Amino acid sequence: EAGVAQSPRYKIIEKRQSVAFWCNPISGHATLYWYQQILGQGPKLLIQFQNNGVVDDSQLPKDRFSAERLKGVDSTLKIQPAKLEDSAVYLCASSQSRVESYEQYFGPGTRLTVT
Amino acid sequence: AQSVAQPEDQVNVAEGNPLTVKCTYSVSGNPYLFWYVQYPNRGLQFLLKYITGDNLVKGSYGFEAEFNKSQTSFHLKKPSALVSDSALYFCAVRVPTNAGKSTFGDGTTLTVKP
């Protein structure tokens, strides 16, 4: 079974530029999550999708971050414009169901450096 | 608001010795508790979870964890550590209310020395 795929693995941009990250979840997984992991901290949920609908985006900085999952499969997270404090690893995860007892499967992450 | 605390940033043990990585939580309601492991340049990998039932749960690679409701703890344990267990470990909590979001601790780095 293929795992969660993410690209790119690394990205370096200057502040005020834009960037996009792509995620392809495990086949059949209806629930998709985007997390931000700042160095030395645990992952923080940015947005959760159930199929192509948003379940929770309460911690997504909507003035600069956006995400979509148009066909209910792969997803894109965008930052525009980027700030220095956006430097982090962006993790995508998926699970079989939105039910809380299901574990999540994580991709390798995209390490973003904003200079 | 729910929270997770991992009081030790670093745990060092000798190979063959038992290991414990501590986790305490704070939630309203009954928690679902998870442990994940992160190896360098890789995403988090699920180890085990407590949902209900037996307080001692067993997971991958010989790890186990004990749920203690009175102490609001969910410590990760292994009877005999391996050098290959060296990694970053995260505890996470969710509450079963309308797809409640996961809250992660800040992680504990486990180093097992030969």
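The values are calculated or read from the model by the stated rules, or taken from the named source; none is laboratory data. Given the structure is predicted, the values throughout are model-derived calculations rather than measurements. Here the Cβ is made from the backbone with ideal geometry for all residues, glycine too, and neighbour counts use every protein chain on show.
A few notes on this one:
- The single condition from (1) closer than 17 Å to residue B:103 by Cβ; (2) out of contact with any Phe, Trp or Tyr (no Cβ under 7 Å at 6 or more places or on another chain) that residue B:46 fails is (2).
- One residue from B:89, B:50 being touching a residue at least 60 places away in the same chain (Cβ under 8 Å), within 14 Å of chain A (Cβ to nearest Cβ), more than 20 Å from residue A:46 (Cα to Cα) and surrounded by 12 or more Cβ atoms within 10 Å (Cβ to Cβ): B:89
- Looking only at region A:79-115, and only at residues there that are surrounded by 14 or more Cβ atoms within 10 Å (Cβ to Cβ) and of a type in the set (D, E, K, R), the one that is farthest from residue A:26 (Cα to Cα): A:86
- Criterion violated by residue B:42 - all others in (1) more than 11 Å from the chain's Cα centre (by Cα); (2) in contact (Cβ under 8 Å) with a residue 40 or more places away in the chain; (3) within 14 Å of chain A (Cβ to nearest Cβ) satisfied: (2)
- Of all residues in region B:105-114, those being at the interface with chain A (Cβ under 7 Å from one of its Cβ atoms) and part of a strand (DSSP E or B) number 0.
- Residue satisfying condition, being in contact (Cβ under 8 Å) with a residue 12 or more places away in the chain, more than 14 Å from chain A (Cβ to nearest Cβ), surrounded by 15 or more Cβ atoms within 10 Å (Cβ to Cβ) and not hydrophobic (A, V, I, L, M, F, W, C), within set B:102, B:73, B:80, B:26: B:73
- As for region A:1-10, it holds at least one residue that is at pLDDT below 95 and among the charged types (D, E, K, R).
- On inspection, residue A:22 qualifies as of a type in the set (Phe, Trp, Tyr), away from every other protein chain (no Cβ under 14 Å) and in contact (Cβ under 8 Å) with a residue 24 or more places away in the chain.
- Considering region A:29-114, the qualifying strands (runs of 3 or more DSSP E), each wholly inside and each with 2 or more residues that are under 26 Å from residue A:14 (Cα atoms) and more than 13 Å from chain B (Cβ to nearest Cβ), run over A:65-68, A:75-79, A:110-114.
Every residue, every condition in (1) within 20 Å of residue B:42 (Cα to Cα); (2) over 13 Å from the mean Cα position of the chain (by Cα); (3) modelled with pLDDT of 95 or more, yes or no:
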residue	(1), (2), (3)
A:30	no, yes, no
A:55	no, yes, no
A:68	no, no, yes
A:77	yes, no, yes
A:87	yes, yes, yes
A:93	yes, no, yes
A:97	no, yes, no
A:107	yes, no, yes
